[in-house]
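Contents: one structure, followed by commentary.
Derivation of every value follows stated rules applied to the coordinates shown; laboratory data play no part. Remember, predicted model here, so these are calculated numbers, not experimental data. FYI the Cβ positions are ideal-geometry reconstructions off the backbone, even for glycines, and counts take in every protein chain you see.
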Amino acid sequence: MAPTIASLVTPGPILDGVGHSIRHVSEMRDYFADSASVDAIVGAGDREVYAFWEIEYQGLGNGLSYGMTTVQPGKVGREFHMTKGHYHTTEGDEIYICLEGQGVVILRNRAGDVKECEMRPGLLIYIDAGWGHRTVNTGTTPLVFVSVWAPGIEHDYETVRREGYPSILDAEE
Ligand code: S6P
Ligand code: ZN
């Protein structure tokens, strides 16, 4: 799903910062544990795990940045489809608002404490600065959510790659 942006103010400086990214299984070799399953999926033509829009605020004053993410249903090995996950390198909180689907946001701080928050339509998750976040689709339909964050935040993916990060396994296999 792509966001439809309805703005009451001039959208120029905001829309200049729009980004759209698609993450396929082939780009997530470092994130899924079962490399044989990654190879099999990529060999069969690869597939999308998730896509997200980011609208980075670039105007004057204290604005907001926001985005929309869709995580497709599916598994790689026993792990459900998920985002890479990241930490924010500067202080700045974020909220997620689930629109469609079913899943979990896994929060982890740098001390290694982990919390899981359910995602279902209508739920709002507040992510405090300092907590990394990864979103997992545990359902059978696309998981769609809106995110809103403080502008100027840098996204740290390297720590997730280096230290690892919890995921959710399907119990049925
Ligand atoms: C940004 C926010 C989301 C994610 C998006 C993709 O602070 O948390 O917009 O960027 O869900 O996840 P990831 O881990 O690839 O950035
Ligand atoms: Zn974030």
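Key figures for this structure:
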item: Top positive-direction residue, dipole computed over region 54-173 with Cβ charges, set V144, Q58, P166; result: P166
item: Rg(Cα)/(2.2 N^0.38 Å) for the chain, N = residue count; result: 1.04
item: Of G45, M28, C98, farthest towards positive along the dipole that unit charges on Lys, Arg, Asp, Glu beta carbons give region 12-163; result: G45
item: Relative contact order of the chain, pairs being alpha-carbon contacts under 8 Å that are 6 or more residues apart, as %; result: 25
item: Region 66-132: trypsin sites (Lys or Arg not before Pro) in DSSP coil with no more than 14 other Cβ atoms inside 10 Å; result: R110
item: Built amide H within the under 5 Å cut-off of E100, gap 5+; result: V144
item: Inter-probe distance in nm under a simple model that places probes 7 Å from Cα toward Cβ, at D128 and R110; result: 1.5
item: Table column - 3J(HN,Hα) (Hz), region 125-131, Karplus curve with 6.51, -1.76, 1.60, x for Gly and Pro; result: 10, 9, 10, 6, 3, x, 9
item: About the Cα centre, charge dipole magnitude for region 12-163 (Lys/Arg +1, Asp/Glu -1 at Cβ), debye; result: 420
item: Vicinal HN-Hα couplings computed from phi for region 102-117 (Karplus, 6.51 cos²θ - 1.76 cosθ + 1.60; Hz; Gly/Pro x); result: 8, x, 9, 9, 9, 9, 9, 9, 6, 7, x, 6, 10, 10, 10, 10
item: Phi to ³J(HN,Hα) by Karplus 6.51 cos²θ - 1.76 cosθ + 1.60 over region 145-158, Hz, x for Gly, Pro; result: 8, 9, 10, 9, 9, 5, x, x, 5, 9, 9, 9, 8, 4
item: Around A111: net Lys/Arg minus Asp/Glu count, Cβ-Cβ under 15 Å; result: 0
